[in-house]
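**Q** Here's a structure for you.
The values are calculated or read from the model by the stated rules, or taken from the named source; none is laboratory data. This is a predicted model, so every value here is computed, not measured. Cβ: placed from backbone, ideal geometry, glycine included. Neighbour counts: every protein chain shown. Side chains are part of the model used for accessible areas, which takes the heavy atoms of the whole protein and leaves out ligands, DNA and RNA. Shrake-Rupley method; radii C 1.70, N 1.55, O 1.52, S 1.80 Å.
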Amino acid sequence: METKLIVILGGGESGVGSAILAQKKGFRVFLSDSGSVSDAHRETLAQYRIDFEENGHTEERILQADEIIKSPGIPDTAPIMQKILAKGIPVISEIEFAGRYTNARMICITGSNGKTTTTSLIYHILRSAGLNVGLGGNIGKSFARQVAEESYDYYVLELSSFQLEGVYDFKADIAVLLNITPDHLDRYDHNLQNYVDAKMRIIRNQKTGDAFIYWVDDPLVTREIEKLKPSATAYPFGEKKTGHAVAYTDNGKMYIQTKENIFDMELELLALEGMHNVYNSMASGIVAKLMDVSDEQLRISLSDFKGVPHRLEKVATVRGVQYINDSKATNVNSCWYALQSMRTKTVLILGGTDKGNDYTEIEELVHHKVSALIFLGKDNSKLHAFFDGKVDVIRDAGSMTEAVDMAYRLAQKGETVLLSPCCASFDLFKNYEDRGDQFKECVRRL
């Protein structure tokens, strides 16, 4: 019998990792990328002698596959995907594939906002507690590559809706669902329910002994739970002690009630600021307590966590003005959280590739907190249509240097300059990291 052929679409971190694992498991492997593969990944593929192509797909070869592992960024509407689906070849995600080859316990985190911070925080807590734990999914090194090359007892995985779409038999031992707000609707036929369905796949295959941690104050999430009636044990968290919430705040403290234990901690001792980060800390704390991390160890980890680059990252204070890099805010809801945590008047830098955004969500906060808006993008017409007349000072910038120079001139002493763009970065930058790095570089040159 001929060895199964696995074709991998996309030569990024997850694709290359999947190729290494597939090869290690004795499959025939072919990787194909419609764009170019980075030098580092090209070297890795050569080193492992993995057959690959870039800058285009050879359809004949791809359509011979027994199974396809698809990069999360490729939509089903792509021409090559249409042909694969028409032929009925099974398509899975890297997460599904790697999950077959490890018995490690899976702690999986999803949500429209806060998932990178929460994933990083859980990883920090578990590692500090001395557990043998890997970090992967939408963050860090490819999960598949770690399964191929490392031997961890636990994995903390950040999962995007795109990654969850390709999950079938994979199971999370502990699933965390932070929130669901409209995002990526361009990918989901502008139908919110399609996006919600993708997110809810995180609890697929969970049994009674598994844990499902979720934000009880999110109406979309609670509605889905009533509909789906998950069999996992529920651990809801929320602002107040209501109903079944096992984690809540009261009188300046955060409480987490699991098993026989009640953990408490002063909110002001948390490393991360802002109410949204209290929720991220609660979700992480529940995971820690389910895994028997001691109260003392948990307190230390929640207070010494360094945060995530490009997420409300304090860059510098120049002439009494604080500059904050929140380039990771690629949707409106992220920007809402950022503005909500601002304690001063703010010069806000917005713009980029719009994913079908509705700016009404931040209108109220902009009205109260923003002294000037700077639109940084190739096409700012949608931003102008919404904000013109609502903020006195609005400027357009064609580059990061121009945007930061403008902000420097506009911001008064005691104000904050916030880069929280609401949009993807692909119009002027390689990615949100590049956008954030350029912002930091420009600020340091002031």
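**Q** Just need a number here: residues in the stretch 207-221 that are under 12 Å from Cys108 (Cβ atoms) and touching a helix residue (DSSP H, G or I) at 6+ places or on another chain (Cβ under 6 Å).
**A** Selection size over the stretch 207-221: 3.
**Q** Also, quick follow-up: Asp326 passes all but one of (1) acidic (Asp, Glu); (2) under 20 Å from the mean Cα position of the chain (by Cα); (3) open to solvent by 10 Å² or more (accessible area, probe 1.4 Å); which number fails?
**A** Of (1) acidic (Asp, Glu); (2) under 20 Å from the mean Cα position of the chain (by Cα); (3) open to solvent by 10 Å² or more (accessible area, probe 1.4 Å), only one is false for Asp326: (3).
**Q** Here is a follow-up. Conditions first: (1) free of Cβ contacts under 8 Å to residues at least 12 places away in the same chain; (2) part of a loop (DSSP other than H, G, I, E, B). Lys378 passes all but one, so which condition is the exception?
**A** So the condition that Lys378 fails would be (1).
**Q** On to the next question. Return yes or no: is Thr360 β-branched (Val, Ile, Thr), crowded, with 19+ Cβ neighbours inside 10 Å and either at pLDDT below 95 or within 19 Å of the chain's Cα centre (by Cα) (or both)?
**A** Here the answer is no, as Thr360 does not meet what is asked.
**Q** So which residues in the stretch 231-250 are farther than 15 Å from Ile213 by Cα, polar (S, T, N, Q) and modelled with pLDDT of 95 or more, if there are any at all?
**A** Thr249
**Q** Based on what the data block shows, is Ile374 β-branched (Val, Ile, Thr), at pLDDT 95 or above and either open to solvent by 10 Å² or more (accessible area, probe 1.4 Å) or more than 25 Å from Val246 (Cα to Cα) (or both)?
**A** yes
**Q** Being hydroxyl-bearing (Ser, Thr, Tyr), modelled with pLDDT of 95 or more, under 29 Å from the mean Cα position of the chain (by Cα) and farther than 17 Å from Lys4 by Cα: is that true of Thr58 here?
**A** When the stated conditions are applied, Thr58 does not pass them.
**Q** Say whether the condition of being in contact with a helix residue (DSSP H, G or I) (Cβ under 9 Å, 6 or more places away or on another chain), closer than 17 Å to Ala283 by Cβ and open to solvent by 40 Å² or more (accessible area, probe 1.4 Å) is met by at least one residue in the stretch 198-206.
**A** The answer is no; no qualifying residue exists.
**Q** Of the residues that sit in the stretch 331-368 and are in contact with a Phe, Trp or Tyr (Cβ under 6 Å, 6 or more places away or on another chain) and in a loop (DSSP other than H, G, I, E, B), which one is farthest from Gly436 (Cα to Cα)?
**A** Result: Tyr359.
**Q** Exactly one condition in (1) in a helix (DSSP H, G or I); (2) more than 27 Å from Leu272 (Cα to Cα); (3) open to solvent by less than 20 Å² (accessible area, probe 1.4 Å) is false for Cys442; which is it?
**A** It fails just one condition, (2).
**Q** Still on this structure, I have one more. Just the residues that are surrounded by fewer than 24 Cβ atoms within 10 Å (Cβ to Cβ), out of contact with any Asp or Glu (no Cβ under 8 Å at 6 or more places or on another chain) and hydrophobic (A, V, I, L, M, F, W, C), please, taken from the stretch 1-48.
**A** Matches in the stretch 1-48: Met1, Phe27, Ala40, Leu45, Ala46.
**Q** Out of the residues in the stretch 389-436 meeting the condition of being in contact (Cβ under 8 Å) with a residue 60 or more places away in the chain, part of a helix (DSSP H, G or I) and charged (D, E, K, R), tell me which one is farthest from Leu373 (Cα to Cα).
**A** Glu433
**Q** Confirm whether Phe97 is aromatic (Phe, Trp, Tyr) and within 30 Å of Trp215 (Cα to Cα).
**A** It is true that Phe97 is aromatic (Phe, Trp, Tyr) and within 30 Å of Trp215 (Cα to Cα).
**Q** Something else: Glu60 - would you say it is open to solvent by 20 Å² or more (accessible area, probe 1.4 Å) and part of a helix (DSSP H, G or I)?
**A** Yes: the conditions hold for Glu60.
**Q** Still on this model: Name every residue in the stretch 261-271 that is open to solvent by 30 Å² or more (accessible area, probe 1.4 Å) and part of a loop (DSSP other than H, G, I, E, B), in order of residue number.
**A** Ala271, the sole residue that qualifies.
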